[in-house]
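Visitor: One structure, pasted below without further comment.
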Amino acid sequence: MKLFNTSPKMKSLYLLLGFFSGPSLSLANTVQISVSISKTEIVAATLILEAGGEKDFRAMSAVAEVIYNRSISRKLSPAQICLQRKQFSCWNGKDVEGGIEKAKKHKKWSNALQIAQNLGSTNYTKNAQFYHTIQINPSWNKKMLATVTIQNHKFYK
């Protein structure tokens, strides 16, 4: 499995999040170092990077709902959901540490942290597990039920 960033610190982060699964994981592959990035910060950064620029107050909560609903459905932590390959464009091939540092400088960072700490407390999207920007019309949405459009994002279940 190819990691986005293979520095020792990031290998440890991926391992701590359970990014690897299955019989191929062994102790020989682990790197024992301290990691200062929390799972909540990964979720909060995802909210900022995906919807932090939206004016609608529901936008980041709606993305959080998708993360939460997927985590329940897929039996993974919200942070694991955020870092799954090709699930959130803000992480596709990008450095996690850099993305979090960028998000921490955003004026809505404290709001995003609060939302990330209270996952499951809203349902603006009517239980959506998928979304995309309104500028595109991906093929994967054809058999899905659209639930709501919140500013620049359309949500589906």
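Visitor: Select from the stretch 82-118 the residues that are more than 16 Å from G53 (Cβ to Cβ), within 12 Å of the chain's Cα centre (by Cα) and of a type outside the set (F, W, Y) and list them in ascending order.
Guide: C82, L83, Q84, R85, K86, Q87, N92, V96, I100, A116
Visitor: State all residues of the stretch 53-77 that are buried (at least 20 other Cβ atoms within 10 Å of the Cβ) and closer than 16 Å to T149 by Cα; if no residue qualifies, say none.
Guide: Within the stretch 53-77, A59, M60, S61, A62, V63, A64, E65, V66 qualify.
Visitor: Out of the stretch 78-107, which residues are acidic (D, E) and either touching a strand residue (DSSP E or B) at 6+ places or on another chain (Cβ under 9 Å) or within 28 Å of W140 (Cα to Cα) (or both)?
Guide: If the condition is that a residue be acidic (D, E) and either touching a strand residue (DSSP E or B) at 6+ places or on another chain (Cβ under 9 Å) or within 28 Å of W140 (Cα to Cα) (or both), then D95 is the only one that fits.
Visitor: Can you name the residue in the stretch 39-64 that is of a type in the set (D, E) and not in a helix (DSSP H, G or I) and is also farthest from I81 (Cα to Cα) among such residues?
Guide: Once the filter is applied, the top-ranked residue is D56.
Visitor: I'd like to know if the stretch 78-97 contains one or more residues that are open to solvent by less than 70 Å² (accessible area, probe 1.4 Å) and of a type in the set (K, R).
Guide: Scanning the stretch 78-97 turns up no residue that is open to solvent by less than 70 Å² (accessible area, probe 1.4 Å) and of a type in the set (K, R).
Visitor: Moving on. Testing I136 on (1) open to solvent by 80 Å² or more (accessible area, probe 1.4 Å); (2) closer than 16 Å to S38 by Cα, one condition comes back false. Which one is that?
Guide: I136 satisfies every listed condition except (2).
The values are calculated or read from the model by the stated rules, or taken from the named source; none is laboratory data. Predicted model only: the values in this text are computed from it and were never measured. Methodologically, a virtual Cβ is constructed for each residue, glycine included, from the backbone with ideal geometry; neighbour enumeration extends over all protein chains shown. When the accessible area is computed, the model is the full protein with side chains, heavy atoms only, and any ligands, DNA or RNA have been set aside. Shrake-Rupley method; radii C 1.70, N 1.55, O 1.52, S 1.80 Å.
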